[in-house]
Amino acid sequence: MNINMRPSPNRTQGRQGQIPDFIVCHITGGSFQSAINTILNPANQVSYHYVVARDGAITQAVDIRDTAWANGTTNSGDSRDNRHSTIPEIRNRRRNANQFTVSIGFADSTSGELSPPQLASAIELIWHIRNEVKSLFGLAIPMNRVSIIGHYQVTPITRPNCPGPRFPFAEIIKQLQAKEAPQTILPPVVSTPSSWAAEAWEWGITQGLIDGTNPQGIPTREQMITLLYRYHKLTA
């Protein structure tokens, strides 16, 4: 995965002792270039850790070890107060949510729908973030809808439509969980039995106990009981 570096001045060094355990998805509200221009301009006071273009290109603007200014919350009782969040962990922490989140901005989308290259990059990027956070902070962010969230869940009053109703959370999480699941390695299929079993193998075929395929395959319980049943019928 290729990540272009465009450091933004809009960041806070470090995370005030917090560990990032949420990945927040945003739409930038414009083109990729306008998003980059916005987060590189110190007057705008906004940034994302990453921005993903329509063609799948990924730009990193803030180091994961630092705090981006994407979805801050307050304790002042205003529209961005933590207590408005739909997520209990954010409400209860009563801290600026930027301190414990990694933010991704998706460009060229108004409803949250991603292009196929954007979707592919989103999956690879979130997997990369998971590995980076685990390496840097010792935490494996769960690949589920509890930890991979939308901006609207952090500040629902000020950003009720971010990243939009068509953002593919379900597909992203489905593919991430498939990457996370252990892969079953099946033994190779061998067409002939070992020399020590050849005579017995041929006998089993002639007696109708086995069909003569995959002699070194691992039998299931239903295969074993069928073999015993056939032998019982043969000797009854």
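Would you please name the residue that is least open to solvent (accessible area, probe 1.4 Å), looking only at residues in segment 1-55 that are more than 22 Å from residue 170 (Cα to Cα) and among the basic types (Lys, Arg)?
Applying the filter and picking the extreme gives 15.
Do the conditions hold for residue 76, that is, is it over 24 Å from the mean Cα position of the chain (by Cα) and at pLDDT below 95?
yes
Looking only at segment 94-107, count how many residues are among the aliphatic types (A, V, I, L, M) and assigned to a helix (DSSP H, G or I).
1
All but one of (1) open to solvent by 60 Å² or more (accessible area, probe 1.4 Å); (2) within 19 Å of the chain's Cα centre (by Cα); (3) over 30 Å from residue 78 (Cα atoms) hold for residue 166, so report the exception by its number.
Failing condition for residue 166: (3).
Identify the residue in segment 135-163 that is buried (at least 16 other Cβ atoms within 10 Å of the Cβ) and among the hydrophobic types (A, V, I, L, M, F, W, C) and, among all such residues, is nearest to residue 29 (Cα to Cα).
Selected residue: 162.
Quick one: which residue in 132, 171 is assigned to a helix (DSSP H, G or I), exposed (fewer than 14 other Cβ atoms within 10 Å of the Cβ) and of a type in the set (Asp, Glu)?
171
Tally the residues that are in contact with a Leu (Cβ under 7 Å, 6 or more places away or on another chain) and open to solvent by 80 Å² or more (accessible area, probe 1.4 Å), restricting the search to segment 196-236.
Residues in segment 196-236 being in contact with a Leu (Cβ under 7 Å, 6 or more places away or on another chain) and open to solvent by 80 Å² or more (accessible area, probe 1.4 Å): 2 in total.
Does residue 110 satisfy being open to solvent by 60 Å² or more (accessible area, probe 1.4 Å), modelled with pLDDT under 95 and outside any helix (DSSP H, G or I)?
Against the criterion (open to solvent by 60 Å² or more (accessible area, probe 1.4 Å), modelled with pLDDT under 95 and outside any helix (DSSP H, G or I)), residue 110 qualifies.
Considering only residues that are farther than 16 Å from residue 149 by Cβ and open to solvent by less than 60 Å² (accessible area, probe 1.4 Å), look in segment 79-95 and name the one that is farthest from the chain's Cα centre (by Cα).
If we take residues in segment 79-95 being farther than 16 Å from residue 149 by Cβ and open to solvent by less than 60 Å² (accessible area, probe 1.4 Å), then 79 is farthest from the chain's Cα centre (by Cα).
The values are calculated or read from the model by the stated rules, or taken from the named source; none is laboratory data. Note that the coordinates shown come from a computational prediction; the quantities given were computed from them, not determined experimentally. FYI the Cβ positions are ideal-geometry reconstructions off the backbone, even for glycines, and counts take in every protein chain you see. Heavy atoms of the whole protein, side chains included, go into the accessibility calculation; ligands, DNA and RNA do not. Shrake-Rupley method; radii C 1.70, N 1.55, O 1.52, S 1.80 Å.
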